[in-house]
Amino acid sequence: MGINFAEGKFSPKAIDFLNNSNARLCILHGSVRSSKTVNCTVRWLDYIVNGPKGDLVMMGKDRGALWRNVLNDMLDLVGKKGYKWVDRMRGELTVFDRRIWIIGASTVETEERLRGSTFAGAYCDEANTYPEVVWNQLMARLSIRGAQVFANCNPDTPHHWFYKGPLTSPEITNRKIWHFTMDDNPNLDEDYKKALISEYKGSPTFYRRFVLGEWVVAEGAIYKIFQDNEEDFTKVSYNRSNNTFMLWNYANNTWETHYPQHTNIGIDWGQNGSAHAFVATVALQNYSHLVVLRSVRHKARGTTPDDVYDWFMDFAESIERDFGAIRAVYADSAEQLLINMLKRNSKYPIRNSLKYPIVDRIRATVALLSQRRIHLLDDECETLKEYFRAARYKDNCPVDTRLDDGTYDQDTGDAFEYSFERYMNHFIESKEVSM
């Protein structure tokens, strides 16, 4: 959602930040959509013009995220005459004749790129997504007198290095911090705010972090909303004669007809102590809902590649027979030998899974569950139900970590996520939401 700076309003907290962010390290943290990025961008434009002379750097989780979150709006505000790409491939840009380096910072290799540089200032978007070594190297590069850092982030676990270091360490004295919530964004529509809150109400952890803006430990059940309301997610039926799905609309207390958009299969390969898991899902029209058609798993111990092939073909052919054509199969990229075997011997388009970070996959799933947009055909998805019932966080970890001690079926959870991870953004951005 773009920001119209010309029409935008600034809250008292935002004005305080814009007028008083004069420390070496200035951090904005708090809930989603609370205007942290907007305020940081406005302050950064002033710094480009009035800050100490020298090269500047802008960093994000990756360059694509930085472009979406910051650069699009910033360059629109500056206008075409105010900026120039010197070398887009290298990330070299001038704004108001100041050279700025654009860097993705999510990998440790970024630390090597920063070595030897000297910067007069830095803009750090989603700063807690960087490796700590990257942050430390950046701070060492800000050696020009008066150099400042303007950083924003959403909360994470209090065990996170960013919380224990830049945000709270008593050893950092030249620092100012602002905590924002959605109430500090006067440009946020109330209906949109309610929709955002609904996305996180299914997870106490995500609600406290992304709505209240608190740094809290992820603990207990991951999919508590499923555990507490399991029957809500099985109110779906399929009519084979006209290829439609009937879903219960909780807002209107009526059944609605939906049409399928495409069907996919996700595969997670098992090791000796786990299992090969297959999950088929169908995205409904306009990515309004996701229906899980079937989930199965087979013990991996003592099996051969031929066994795996036979299991996959039985599963895929049953899906094609019962629900129609399969658009693609997304398999865990860790087992290329098995993937190549399927490519050679089956008619189905086999592709590597993207393997997005587990926490991102969890957040997308929780959001869709909270909006009642994930549905399971009741008698076909027992293994996925078991995963939703049992999945838990690992205690006291520096980053959110799904417990992986062999006590529950994590393989099916991965296969489910692989089946739709390439389209997660389409689901999140879809406006057709049945609450």
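The values are calculated or read from the model by the stated rules, or taken from the named source; none is laboratory data. This is a predicted model, so every value here is computed, not measured. In this analysis, Cβ positions are derived from the backbone assuming ideal geometry, glycine residues included, and neighbour counts consider all displayed protein chains.
Restricted to the stretch 82-106, and to residues that are of a type in the set (K, R) and under 27 Å from the mean Cα position of the chain (by Cα), which residue is farthest from N72 (Cα to Cα)? So the residue we want is R90.
Can you pull out the residues in the stretch 146-160 that are within 22 Å of V57 (Cα to Cα) and either among the charged types (D, E, K, R) or not in a strand (DSSP E or B) (or both)?
Once the filter is applied, which keeps residues that are within 22 Å of V57 (Cα to Cα) and either among the charged types (D, E, K, R) or not in a strand (DSSP E or B) (or both), the stretch 146-160 yields G146, A147, N154.
Scanning the stretch 337-354 for residues that are over 14 Å from N264 (Cβ atoms), surrounded by fewer than 19 Cβ atoms within 10 Å (Cβ to Cβ) and touching a residue at least 12 places away in the same chain (Cβ under 8 Å) returns L337, M341, N345, S346. Inside the stretch 390-435, residues that are within 18 Å of H298 (Cα to Cα), of a type in the set (S, T, Y) and either part of a helix (DSSP H, G or I) or not assigned by TED's automatic domain parsing to the domain that holds I358 (or both) make up a count of 3. Can you confirm whether L376 is surrounded by 21 or more Cβ atoms within 10 Å (Cβ to Cβ), more than 22 Å from the chain's Cα centre (by Cα) and in contact (Cβ under 8 Å) with a residue 24 or more places away in the chain? Answer is yes for this residue.
When D73, D55 are screened for being touching a strand residue (DSSP E or B) at 6+ places or on another chain (Cβ under 7 Å) and farther than 22 Å from L167 by Cβ, only D55 passes.
Can you go through F323, F388 and tell me which one is of a type outside the set (G, A, S), crowded, with 17+ Cβ neighbours inside 10 Å and over 20 Å from the mean Cα position of the chain (by Cα)? Of F323, F388, the one residue that is of a type outside the set (G, A, S), crowded, with 17+ Cβ neighbours inside 10 Å and over 20 Å from the mean Cα position of the chain (by Cα) is F323. Just one of the listed residues (V95, V134) is more than 19 Å from W161 (Cβ to Cβ), buried (at least 16 other Cβ atoms within 10 Å of the Cβ) and in the same structural domain as N19 (by TED's automatic domain parsing), namely V95.
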